[in-house]
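The values are calculated or read from the model by the stated rules, or taken from the named source; none is laboratory data. The model shown is predicted, which means the values in this text are computed figures rather than measured ones. For neighbour counting, all protein chains shown are included, and Cβ atoms are generated from backbone atoms with ideal geometry for every residue, glycine included. Only protein heavy atoms, including side chains, enter the accessible area calculation; ligands, DNA and RNA are left aside. Shrake-Rupley method; radii C 1.70, N 1.55, O 1.52, S 1.80 Å.
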Amino acid sequence: FEEGAYTIALPLLLRDIEANCKDATSVYGYAGPVGSHTAIPDAVIGNFQSALARQLRDLDVVTVFSRLHPLLAQRKLLAGLGQFQLSSTVSIDLTLDPAVQHAKFRRDHKAGIKKLRSLGLTVVDDVEGHYLDDFIRIYLETMQRVDARDWYFFSPTYFHRLWETLGPRVHLFVCLQNVRALCAGLFIVCHGIIQYHLSGTLNEALKLAPMKLLVDEVRLWGTSQGQRALHLGGGTS
């Protein structure tokens, strides 16, 4: 929706249901509405909502679901159109001093990270994608282990296209024992937010729990890069 200098975009996925009607839902991730400006006049928001309602009627859409981003101010753009259901996600405030961030960790979590470092494990930001195929293998092994739903089994093509399309915004962090990848995660960086996208750990490395070290290194990297938040998400539920 465009009006003057303002733009509002709402990504939705249309699905056919019975009786020639459609359902509109959120794509994977936190894909609520985004605006071109931090502050958008109420009149413009009202016109956007009216245009959205007309468009949905024209498309025979009877229900809409959109998963909003917990760190972006999106609710005002949709206020009054339906119901909001609140759930919790976890993020690390990277604007705090690294020592203050670390102090907020559980004691056993700190001990686990310290042990992993003492064992000589390291974490690299694989900007060239040398470990991308290793990540895909580890990720799919992880999905099989946790008995994930079918739609979590993304094809190798998905990962390669994500890597090529997002370019420098996507980062592959890999935890290594010598040169062997034990776990890895894809993180997407935009607007000061590091979004934890997908990750996996080798079955045989589970007892080590190397993902603790990987996330901690991403936290430190993000702080050094001037990012403002590491958003870890809300789990599978």
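Give me the dipole magnitude in Debye, nearest 20, for the chain about the Cα centre, with unit charges on the beta carbon: positive for Lys and Arg, negative for Asp and Glu.
Details: 24 positive and 23 negative charges, 190 e Å.
It comes to approximately 920 debye.
I need the Debye-formula profile for segment 46-170: one equal scatterer per C-alpha, no solvent, reported as log10 I(q)/I(0) at q = 0.15, 0.18 1/Å, two decimals. Log10 of I(q)/I(0), two decimals: -1.19, -1.26. Does segment 107-168 classify as rounded, prolate or oblate by the C-alpha gyration tensor (a ≥ b ≥ c root eigenvalues; a/c under 1.5 gives rounded; else a/b over b/c gives prolate, otherwise oblate)? The shape class here is oblate.
For the chain, what does the relative contact order come out to in percent, with C-alpha contacts under 8 Å and a separation of six or more? Dividing the mean separation by the residue count of the chain yields 19 percent. When the helices of the chain are scored as -39500 (n - 2.57) per DSSP H run of n ≥ 4 and the total is divided over every residue, the value at 222 nm lands at -10000 deg cm²/dmol. Just checking the listed ones, 183, 175, 21: in the Gaussian network model of the chain with Cα springs under 10 Å, the one fluctuating most is 21. Selection among 6, 234, 198 by position relative to the dipole of the chain gives 234 as farthest towards the positive end (Cβ unit charges, Cα centre). Note on the chain: semi-axes of the ellipsoid equivalent to its C-alpha gyration tensor, largest first and rounded to whole Å, are 37, 22, 16. Look at the dipole of segment 1-159 built from charges on Cβ: of 105, 129, 80, the Cα furthest out on the positive end belongs to 105. For segment 1-123, the relative contact order works out to 22 percent when only alpha carbon pairs closer than 8 Å and six or more residues apart are counted.
Which value, in Å², gives the accessible area per residue of the chain when a 1.4 Å probe is used on the protein heavy atoms?
Details: 14190 Å² over 237 residues.
For the chain, the per-residue accessible area is 60 Å².
Note on residue 84 and residue 59: the model spin-label points, each 7 Å out from Cα along the C-beta direction, lie 2.3 nm apart.
Determine the shape class of segment 139-193: with a ≥ b ≥ c the square roots of the Cα gyration tensor eigenvalues, call it rounded for a/c under 1.5, and otherwise prolate if a/b is greater than b/c, oblate otherwise. It is oblate, given that a/c is not under 1.5 and a/b is not larger than b/c.
Quick check: from the Cα gyration tensor, does segment 110-237 come out rounded (a/c under 1.5), prolate or oblate?
Working: a/c = 1.40, a/b = 1.04, b/c = 1.34.
It is rounded, given that a/c, with a ≥ b ≥ c, falls under 1.5.
Listed by chain and number, the lysines whose C-alpha is less than 16 Å from the C-alpha of residue 104, apart from same-chain residues fewer than 8 away, are 114, 212.
Net charge near residue 93, counting Lys/Arg +1 and Asp/Glu -1 over other residues with Cβ under 15 Å of its Cβ?
Working: positive: 104, 219, 228; negative: 97, 216.
Combined, the nearby Lys, Arg, Asp and Glu give +1.
Please give the length that would be gained between residue 178 and residue 206 if that part of the chain were fully extended, namely 0.36 nm times their separation in residues minus their C-alpha to C-alpha distance (nm, one decimal). Walk me through the numbers before you get to the answer.
On the way: separation 28, 0.36 × 28 = 10.08 nm, distance 1.70 nm.
Fully extending the segment from residue 178 to residue 206 adds 8.4 nm.
Give the average over all directions of the projected area of the C-alpha convex hull of segment 1-115, one decimal, in nm².
Details: hull surface 42.6 nm².
Mean projected area for segment 1-115: 10.7 nm², to one decimal.
Roughly how many percent of the accessible protein surface of the chain is carbon and sulfur, given a 1.4 Å probe and a whole-percent answer?
Working: 7410 of 14190 Å².
C and S fraction of accessible area: 52 percent.
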